[in-house]
Structures are given as structure tokens and as C-alpha cells.
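The values are calculated or read from the model by the stated rules, or taken from the named source; none is laboratory data. Source: prediction; values computed, not measured. Cβ placement follows ideal geometry from the backbone for every residue including glycine, while neighbour counts extend to all protein chains displayed.
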Amino acid sequence: MSGYSLETFISDCENQAASGDEPSDIVRAITPLMHRLLGGTRDFLKPEHFQTEPDHYARNLVYAAEGTGLSLYTLVWLPGQWTPVHDHGTWGVVGVIEGLLEEQNYMRLDADQTPERDVDIDLRRGGLVLLSPGSVSTFVPNPDHIHKTGCAADRPRCVSLHLYGRTLNSFHSYDDQAGTRSLIQAAHNETRLGQHE
Ligand SMILES: [Fe+2]
């Protein structure tokens, strides 16, 4: 569907985020909006949003609200590039622009999931999801949604669009073998900051 601009999408999402609704209701409301945005002209996507990095997947900022509000990034995955196992500390809505995005989910089995504990974390691999262009996936926190996402080595480049409920400049990275996690800073490319006007 054409005629749904990035500015309108952001405005609609900000209204949802400010609604005070549960995160699961917020992502439920935003899911069809992301699907509609992906089905439009996508003319908000500029060459800088398709930047790649040779050594790891690329995060390219599309929009960031002031303070700790919404943020929107393209993630560009060259074949064989993956995130670490991670969480987000917020809700998120992910749409696929091109390629196949693979998502490996993890389940945290230790009963005491106090937010400050970074050791003795019992993670098991859960199901796997393969998302094609136009697909939309969501997650909500508390307990954290833990997964890793990427592009299989034998597939072409994948590009996806990620909306988060906060500026995602850090997140927990998990070592599922050691049962530990650490907070890491998340760098991004910011060639053109798409501030909402
Ligand atoms: Fe993620």
C-alpha cells in the first residue's frame, strides 16, 4: 500500500508508545503499521541505510527520538553475519526488507531472573524462525526476549528494519555456554539522522 510515509509511521508509533498500554498491546498495534510501511514505496530508504560492514552486521540509524524514546534502524546482514545472543531491554517490531532473516530463539530456564544477575544463567535453544521480505516479527520484555538473528552463509544479503521502544545503544550479550551475560555498547552508522520533522 502506497502513501504511508515514514513520518506518519513514526507519528503513529509514538502515539502507540505514549498510550500507556502493555508492551504486547503496543507491538500488536504497530505490527500492521510496519507491514504497511514495508508494502509502500520505501522511498525513505536511502543508500546510507544499506551500508554494510565487512566484519559484522551493520546498524544504520534511520530515526531517533529525543531522549530515550523510539529508535529505528536498518540492519544489514552480509552472508554469515549474526548478532550475539542478546536481549533488548524494551519492546521491538522487526520487518524484513530484502533477503531471509533467520532468528534463533532462546529460553531462559533459571527461576531467579533478577535483572541485576549476570551469572548462572541457564539458556536453552528454542525454536527458529525464517522471515522473508514483508514479514514482521515482534518481542516484548520482562522477561527479556533472548535470541540471535542473522543471515545464513549460503544466502544473499539480508536487510531488515528494527523499531525499538528506546534508543538501543546498549544491550545484554549472552554466553550461553558459560551462563553469563554482559552489557555491551551498540555502535551504529549515523550518516543521515532522520529526525522526525
Ligand atoms: Fe534482537
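Numbers below:
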quantity: Scope region 100-116; condition outside any strand (DSSP E or B) and closer than 30 Å to Ala153 by Cβ; matching residues; calculated: Leu100, Leu109
quantity: Residue check for Ile97: in contact (Cβ under 8 Å) with a residue 40 or more places away in the chain, among the hydrophobic types (A, V, I, L, M, F, W, C) and assigned to a strand (DSSP E or B); calculated: yes
quantity: Any hit, region 98-107, residues being within 15 Å of the ligand (Cβ to nearest atom), surrounded by 15 or more Cβ atoms within 10 Å (Cβ to Cβ) and under 21 Å from Gly40 (Cα atoms); calculated: yes
quantity: Single residue of Thr41, Thr114 found to be away from the ligand (no atom under 16 Å from the Cβ) and either surrounded by 20 or more Cβ atoms within 10 Å (Cβ to Cβ) or over 23 Å from Phe171 (Cβ atoms) (or both); calculated: Thr41
quantity: Ser160 vs. criteria surrounded by 16 or more Cβ atoms within 10 Å (Cβ to Cβ) and touching a Phe, Trp or Tyr at 6+ places or on another chain (Cβ under 9 Å); calculated: yes
quantity: Count of residues meeting criterion [in contact with a Phe, Trp or Tyr (Cβ under 9 Å, 6 or more places away or on another chain) and farther than 28 Å from Pro143 by Cβ] in region 64-87; calculated: 2
quantity: Leu168 modelled with pLDDT under 90 and within 14 Å of the ligand (Cβ to nearest atom); calculated: yes
quantity: Checking Pro141 against (1) out of contact with any strand residue (DSSP E or B) (no Cβ under 7 Å at 6 or more places or on another chain); (2) surrounded by 18 or more Cβ atoms within 10 Å (Cβ to Cβ); (3) not aliphatic (A, V, I, L, M), the condition it does not meet; calculated: (2)
quantity: Within region 163-184, considering residues that are out of contact with any helix residue (DSSP H, G or I) (no Cβ under 7 Å at 6 or more places or on another chain) and of a type in the set (A, V, I, L, M, F, W, C), the one nearest to Ser71 (Cα to Cα); calculated: Leu168
quantity: Only one of Thr52, Thr31, Thr74 that is touching a residue at least 60 places away in the same chain (Cβ under 8 Å), assigned to a loop (DSSP other than H, G, I, E, B) and touching a strand residue (DSSP E or B) at 6+ places or on another chain (Cβ under 8 Å); calculated: Thr52
quantity: Residue in region 34-44 that is assigned to a helix (DSSP H, G or I), among the aliphatic types (A, V, I, L, M) and in contact with a Phe, Trp or Tyr (Cβ under 6 Å, 6 or more places away or on another chain) present; calculated: yes
